[in-house]
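Reviewing the structure listed below.
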Amino acid sequence: MFSSIRWRIALPYALLILISMSALGLYVGQSLSAARRADLEAHLLAEARILAESAAPLLTSGDQAVLEQAARHWSDLIGARVTLIAADGRVLAESDAPAAYTENHADRPEVAAALASGQGVSQRFSRSLGKDMLYAAVRVEGEGGARGVARVGLTLEQSQASINRLRASTLAATLVAAGLAIALAVAIAARTAQPVHELTQAAQRLAAGDLSARLLPTTDDEIGQLTQTFNRMAAELQEKMRSLAEERSRLASVLDNMTDGVIITDSEGRVQLINPAAARLLGTTQQAAYQRPCAQVLRHHRLIELWQGCGAGDNVEVVEFERLGLFLRVTAMALAGSEPGGCMLVLQDLTQMRRLETVRRDFISNISHELRTPLASLKALVDTLRDGALDDPPAARHFINRIEVEVDALTQMVQELLELSRIESGQAPLRLRPTLVADIVLPPVERLQPQADRNELTVTVDLPADLPPVLADAERAQQVVTNLVHNAIKFTPRGGTVHVSATAVGDEVEISVSDTGIGIAAEDLPRIFERFYKADRARASGGTGLGLAIARHVVQGHGGRIWAESQQGRGSRFAFTLLRAEHMVNHSQADTENTP
Ligand code: ADP
């Protein structure tokens, strides 16, 4: 408590006041008691002088009894001890101490002084009374010299009491004055220290994080200037913190939303920052990875090697590898400036790019493969024609027919490819509207009937009368049915049956095409909807392997599903769903054009 500025200012003042007031009090008390003593002495002397005057005739008479009576009488009158002493020192009369008679008083200092010079004062211990006394003695003059000495004595107790009273009141006055002065000093010190106290409190609030801490400048002095400077500093700090926080949150939202992963480790190899993308790519969470040793988070030897190499120098290193089914490119760089010994890893997910690359490569190789066969047979046919078949008109006609078949097959493939690419690139938007299932199923079946007849196949159609309309682009949906029925015809041996039916299931209608054909092997079944996929290449009758891929795209564009079930040698069942029109009324009104 006494270490505060208030007390450091107040205490020296209080001490100074106390010391000077005490000294003053002592001095005043001392001089007052000296003055009082001088007064008393003068008073006693005056009394002694009167006594000497009055005692002169009595001393001349020398009557002991009269002297004694007079001494007691005077003593009563003035309230002091009265002693009458003969010129030789004998005690002639005494008011208070009978023992005084036995001793000669000539050697008493006041008596000796009075006999010698007319008067004497002395303060000393009285042997006759056993007390401290103040004596004043005056010589009694007579004819022919000194007759004796009249002495008045006052016990010092009496005089001391009045002096003590004086001293006490002086002391009390001094103490009251000192108290008032100290209180004033403390009040002034408190007032001076108050702004400093407030400043300290504001600074403490600021240090504790309350950046709004400000003070009202009350004075123009140094403290006022300090307050203003403090306010300016606090405002600047607040502004700096605000812009820092803003920058931080901007950076955080960039890191949170970027698709590349970012990891920052400190010099001890602990993860200091990991963004959501990095956590996702490494199969962990931000919370789990934060502050964990980097090696535990990376969990891949190439990554760990990369990170360790990064700590060694400041060069940037890049590795590409596959992990957990993802293809990653990781760039590592040392953070020399901001975080010495730290390292930053940037993870890029190249899986999608890789997949697209693979698809593109496969596609090109598939197309080349598909083109090679018809082109080779075209070349062979042309060669045969040139080598002489031209001269044989019936043979030439046969070869030209075969050339036409090959060219038709090539044309169909190119058309299907174009169709597929238009659907995939969204250039062929679907016009969805409520459509009767019969309008989707019957036209393709009718169109393919001659081909079924040629192959001696029975085609049956079963459409319940109460089938609800579906939401579909009729032309496209017909294409799906065409592809499925065409396949069923192609892959069903003579005498077989192709059955087309539809049923309402929940808010969908399921359209299915079953046949009693060759069926599909279990291992091929999951892949038949892929582009160019043909279950049995040797037997594939001129197909391109694109029909089911197109069908899948179209059905998915309608919001439906397509699948196949089959038992090899027994037959297959292909089915797809379309949404019921009333269920999608809102959807169709809002968005009648859908992109597959
Ligand atoms: P394709 O032009 O070869 O018919 P698709 O994509 O229509 O191409 O069919 C892919 C493959 O699926 C066919 O090559 C065939 O092996 C198999 N497939 C399709 N439909 C049937 C079916 N009804 N019966 C047996 N196999 C079928």
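The values are calculated or read from the model by the stated rules, or taken from the named source; none is laboratory data. Given the structure is predicted, the values throughout are model-derived calculations rather than measurements. So basically every Cβ, Gly included, is an ideal-geometry build from the backbone, and we count neighbours across all protein chains shown.
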Listed by range, strands (runs of 3 or more DSSP E) wholly within region 218-323 having at least 1 residues that are acidic (Asp, Glu) are 317-323
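Mind checking which residues of region 476-492 are within 13 Å of the ligand (Cβ to nearest atom) and closer than 28 Å to Gly426 by Cα? Please lay out each step first, then the result.
Within region 476-492, the first condition is being within 13 Å of the ligand (Cβ to nearest atom), and the residues that meet it are 479-492.
Gln479, Val480, Val481, Thr482, Asn483, Leu484, Val485, His486, Asn487, listed by residue number.
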Scan region 362-385 for residues that are exposed (fewer than 12 other Cβ atoms within 10 Å of the Cβ), of a type outside the set (Val, Ile, Thr) and at pLDDT below 90 and jot them down.
Ser365, Ser368, His369, Arg372
Please work out if Leu467 is touching a helix residue (DSSP H, G or I) at 6+ places or on another chain (Cβ under 7 Å), touching a residue at least 40 places away in the same chain (Cβ under 8 Å) and either away from the ligand (no atom under 14 Å from the Cβ) or closer than 30 Å to Asn366 by Cα (or both).
yes
Residue within region 216-225 that is farther than 19 Å from Ala10 by Cβ, polar (S, T, N, Q) and within 30 Å of the chain's Cα centre (by Cα) present:
no
Identify, from the list Gly506, Gly517, Gly495, the residue that is of a type in the set (Gly, Ala, Ser) and near the ligand (Cβ under 8 Å from one of its atoms).
Gly517
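Can you find, within region 537-551, the residue that is farthest from Ile511 (Cα to Cα) among those that are among the hydrophobic types (A, V, I, L, M, F, W, C) and either modelled with pLDDT of 90 or more or near the ligand (Cβ under 10 Å from one of its atoms) (or both)?
Going through region 537-551, the residues among the hydrophobic types (A, V, I, L, M, F, W, C) turn out to be 538, 540, 546, 548-551.
Then drop every residue that is not either modelled with pLDDT of 90 or more or near the ligand (Cβ under 10 Å from one of its atoms) (or both), which leaves 540, 546, 548-551.
On the way: Ala540: 25, Leu546: 20, Leu548: 15, Ala549: 17, Ile550: 17, Ala551: 13 Å.
Filtering region 537-551 for residues that are among the hydrophobic types (A, V, I, L, M, F, W, C) and either modelled with pLDDT of 90 or more or near the ligand (Cβ under 10 Å from one of its atoms) (or both), the one farthest from Ile511 (Cα to Cα) comes out as Ala540.
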Which residue pairs have Cβ atoms closer than 8 Å, lie 6 or more positions apart in sequence or on different chains, and pair a first residue in region 552-573 that is more than 13 Å from the ligand (Cβ to nearest atom) with a second residue that is outside any loop (DSSP other than H, G, I, E, B) and charged (D, E, K, R)?
Gly557/Arg476; His558/Arg476; Gly560/Glu508
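From the list Leu436, Leu347, Leu335, which one is surrounded by 13 or more Cβ atoms within 10 Å (Cβ to Cβ), modelled with pLDDT of 90 or more and under 30 Å from Val262 (Cβ atoms)?
Being surrounded by 13 or more Cβ atoms within 10 Å (Cβ to Cβ), modelled with pLDDT of 90 or more and under 30 Å from Val262 (Cβ atoms) holds for just one of Leu436, Leu347, Leu335, which is Leu347.
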Check on Phe529, more than 9 Å from the ligand (Cβ to nearest atom), buried (at least 17 other Cβ atoms within 10 Å of the Cβ) and aromatic (Phe, Trp, Tyr)
no
Given Gly179, Gly224, which one is touching a Ser or Thr at 6+ places or on another chain (Cβ under 8 Å) and surrounded by fewer than 16 Cβ atoms within 10 Å (Cβ to Cβ)?
Gly224
